[in-house]
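Quick note: the coordinates plus some simple rules give every number you see, no bench work behind them. Everything quoted here is computed from the prediction, not taken from an experiment. When we count neighbours, we look across all protein chains shown, and the Cβ atoms used for this are built from the backbone with ideal geometry, even at glycine.
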Amino acid sequence: MRPFSRAALRPYICPSCRHGIGAGRRRLGTQLGSPDIYDVVCVGGGPAGLGLLAALRASPATSKLKVALVETQDLRKAQAWDLEPNQFSNRVSSLTPSSVSFLRSIGAWGHLDAGRVQDYQEMQVWDGETGSRISFDWSAETSPFEDLRTVATMTENANLVRALLKRIAVSGDENLSLFSNTTVASIENGSDLQPDGADLSAWPVLSVKPTGPAGTAQAPSRIAARLLVGADGINSPVRSFADISTHGWDYNRHGVVATLALADPDTTPFPAHLRTAYQRFLPTLGGPIALLPLPNNHATLVWSTTPEHAAYLKSLSPAAFLAMVNAAFRLSMTDLSYMMRMDGSPPTPLPTSSTEQQDTTTPHEAELAWRLQHTPVPSHIPPSATALQPGTVASFPLRFRHAAQYVSPRVALVGDAAHVIHPLAGQGLNLGLADVAALARTISYAVSHGMDVGDLLTLERYSSERYLPNAKIGGACDLLHKMYSVPGQGPVTWARSLGLDAIDRLPFVKSFLMKNAEA
Amino acid sequence: MASLRLRSLPLRARRSAPIVAATRSSLCRPRPSMTTSTSSTRTHSTSSVSADELSHFSALASSWWDPMGPSRILHLMNPLRHEFIASCLADGSPAPPSSDSNSTNPADLHYLDVGCGGGIFAESLARTIPLDSSASAPTATRAASMTAVDPSTTLIQIARDHARTDPAVDAHLRSGRFQYLNTTLEDVIAPQSSTSASTPGAPSPQSSSSSPSSPSPQFDIVTLFEVLEHIDPTTSSPLGFLTNCLRTLKPGGWLIGSTISRTFPSFVLNQVIAEAPWPIGVVPRGTHEWNKFVNPPEVHGWVQEGLMRAADTSTRRGGPSDLEGMQWKCVGAVYVPGLGWKMVPGAEEWGNYFWAVRKGDAPV
């Protein structure tokens, strides 16, 4: 067992505050009263942190706990988030049915803008090198007379965050503090408040300060946490405070995202509401391209590729970008590699709006049209992308991280603070929500059995529930990434194609995999 | 005959209680020879604990609250104790909710934990006492106060120090709704047995007032976790000890405990497997002594006899009529590595089990 004193000797100090900490300490020393004491303090107001708060407020056992959330961004802006009906944020997540049922159970699902949420019932995944393919749907499990079950549900993160904020607001403000526009300056262990108070020497005490002059809530300067939850992302300050190491690597890949409008499909899907997600592995370009459905025939793009390709794609004009996306689902690896090296300078000056038809054809469009004439196109490709929503092309680095442990005395890590995985299976947020559901269950159990919610005996229940599943899924995504990064023909290519074809032809293996993915 | 037994009872209890409470504390450590401690406590006053045991507890001190230490298996069992108490309360409530309370789940039960050791159970129960005494209880255990006793000074100090690391529990310690007493069971019941015995007509007004330090402590729930199997049946009497526990109980109250049965599967589980070397074993070698384990029928018999003896007064002797309204409950508990403790009805014979007895509602 790692002694807590080690963490005590090395308090976390955020680098930007390090220069001022000497003065700060003296100031704290003079006013060293008792800090405000909370049962659960969550650092980070993303979907995981807000999900935890909403779950705690929803359960009768934990709704009376005194909880606080510290978030650097302005949560009022997140609550006021609004977009035109046919505009979509480029930060979209695919929620598995178990994530959806968790959000339903905590009463957050009803607060989502349902018009911005899209289920899909089918998933087509194929290998751009060999063409071997697997399709995921629940048709093996359901009779032809019932509707196909949902494989996953696409939701904008902003929509989810807004729904969670609304759910938390509905629960009232008793025992609840949302410290928005507030940053954690330092986390240190408390002190023994003898003779007037309790011994807080093993309690994490946060020093917080507003990020700007317009701090929303009047946060106390010092907050003591019975349980400090790190939902604060990949560079988690809470994890640094707890002295928990992570291992992992950078994939040297970027995920390029964009919001696209699609052409009407050539054939109307048989059940009219059937929607499909598409993913094609492009080994020579470094990763898969995926097109996931959004409402009103829109889709969100996630294209994992090398940083050079990502930079190239981001530099293209909207028309050329769309041509590359359509090419990536249709052309051979050789054709794609060639098009990735074409001169990307746009022939037309500043396209004003991407939805407008452009008179001149970009070289990429011409190249795609010409090459398509000589390429046999399979039937399971997505409709072509016709428009790019301005300002939605962005990229982020792909990384793998896994914390050595999720818990430490009075500290628990959830979501990206605990694990970051390759996005090729769209599982990142789902793992985070599963963490949150498990931690909320653990806290609820502890409260109803007189346990201290910050005690290691309590937290180990959470850790043992989540560590292996997260490691398993993270490892599986890593393995897939590595298998599908081997270009050309060869043993690995043959093996992966054989495996994919075999799985597609063995219904029981496939439904086993899908049930695993769902649960 | 009755007077003879009355005189002899406190003596027997005095002899047994310190040993009992102290040995429960040593549950998860290799134990020193009990014969020496028994002889020393028998001849000395009630609060005396042998030097052997004191030094032994000092060694235990640092690891008592270590979640990975030798007491880990006890920590893991603790949630089940709460569940078992809740199931007892569901079967029969000691104090019917007072009329002025409009809460469906009032925090109105006063607890006594005998042989609290380092406070694993006592502190967890104290955490469920609402800070606002008029608020409804957060859990089904409905605790209003907790008095925990142990004769070991070192262990009581460990318990108090640990309780101070939780502000909520610390607040209860300061308000007196939670207290650790470095004393024996006999000292707790002494003021009451000297004056007139039980106060008929429950619920008494004390049940709503939170002053457990009142001169006549009467408890709704008395707990006795992992204590009975550490009594040496050849030198002390579980019966006398249980009788004293029952004396502190209000009519309708529960005496709740857990112990280990003396059967063949239990021998294999507790003596062979549980005390096997790492990584199989889960408790240190020498933790338990086979001949001290007690079977459920034995406990049942003792508490029946104890209930009658506890009803003794200077003018009348308790009899079978005092067993009216008595309830008996027993359920096995099994530790499954990797899954933890599970309550298994009917598994009493396998080893660990919880038992509970409820005093009849209407005292004669």
Simple Cβ-charge dipole of chain A, Lys/Arg +1 and Asp/Glu -1, about Cα centre, in debye nearest 20:
1340
Report the dimensions of the range A:249-328 along its three principal axes from the alpha-carbon atoms, largest first, rounded to Å.
42, 29, 19
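Working from the alpha-carbon coordinates of the range B:216-364, get Rg over Rh, Rh being the Kirkwood radius.
So for the range B:216-364, dividing Rg by the Kirkwood Rh gives 1.03.
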Inverse of mean 1/r across different Cα pairs in chain A, Kirkwood, Å
24.7
For B:Glu229, B:Glu123, what's the fewest-to-most ordering of other Cβ within 10 Å of each Cβ?
B:Glu229, B:Glu123
Just want the ordering: B:Val272, A:Val486, from fewest to most Cβ atoms lying within 10 Å of their own Cβ.
B:Val272, A:Val486
More than 20 angstrom separation, counting every C-alpha pair in the range A:178-254; what % is that?
45
If the label point is 7 Å along Cα→Cβ of A:Ser379, which residues in the range A:121-137 have backbone nitrogen under 18 Å from it?
A:122-127, A:131-137
Cα centroid separation, the range B:223-282 to the range A:177-251 (Å):
44
Expressed to two decimals, the range A:409-519 has a Cα Rg over Rh, using the Kirkwood radius, of 1.12
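Provide the net charge surrounding B:Val268, with neighbours chosen by a C-beta distance below 15 Å and charges set as Lys +1, Arg +1, Asp -1, Glu -1.
Residues close to B:Val268 contribute a combined charge of -1.
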With Cβ to Cβ distances under 14 Å as the rule, what net charge do the other residues near A:Gly115 carry (K, R +1; D, E -1)?
-3
Nearest-ten-degree value, helix A:47-58 long axis tilted from longest Cα axis of chain A
60
Looking at A:Phe329, A:Leu112, A:Ser240, which one has the Cα that reaches farthest to the positive end of the dipole of chain A (charges on Cβ: Lys, Arg +1; Asp, Glu -1)?
A:Ser240
Too long for a 20 Å Cα-Cα cut-off, among B:Lys250/B:Lys292; A:Lys64/A:Lys166; A:Lys472/B:Lys342; A:Lys472/A:Lys510; A:Lys64/B:Lys250, are B:Lys250/B:Lys292; A:Lys472/B:Lys342; A:Lys64/B:Lys250
Could you point to the residue in A:Asn252, A:Leu160, A:Thr361 farthest towards the positive end of chain A's charge dipole, with +1 and -1 charges on the Cβ of Lys/Arg and Asp/Glu respectively?
A:Asn252
Folded to 0 to 90 degrees: helix A:21-30 orientation relative to chain A principal axis, Cα:
40
Env charge @ A:Ile234, Cβ radius under 12 Å, K,R +1 / D,E -1, value 0
To check you understand DSSP bridge types, tell me what percent of the beta bridges within chain A (both residues inside) are antiparallel, rounded to 5.
70
Taking the convex hull of the alpha-carbon atoms of the range B:116-175 and averaging its shadow over every direction gives an area in square nanometres of 3.8
Per residue and in Å³, how big is the convex hull formed by the alpha-carbon atoms of the range A:65-112?
139
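What ranking do B:Asp91, B:Asp322, A:Asp343 get, fewest neighbouring Cβ atoms within 10 angstrom at the top?
A:Asp343, B:Asp91, B:Asp322
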Across every pair of different alpha-carbon atoms, what Kirkwood hydrodynamic radius in Å does the range B:246-294 reach?
12.7
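Give the relative contact order (percent, whole number) for chain A; include only Cα pairs under 8 Å separated by 6+ residues.
20
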On a 0 to 90 degree scale, rounded to 10, what angle separates helix A:428-448 from the longest Cα axis of chain A?
30
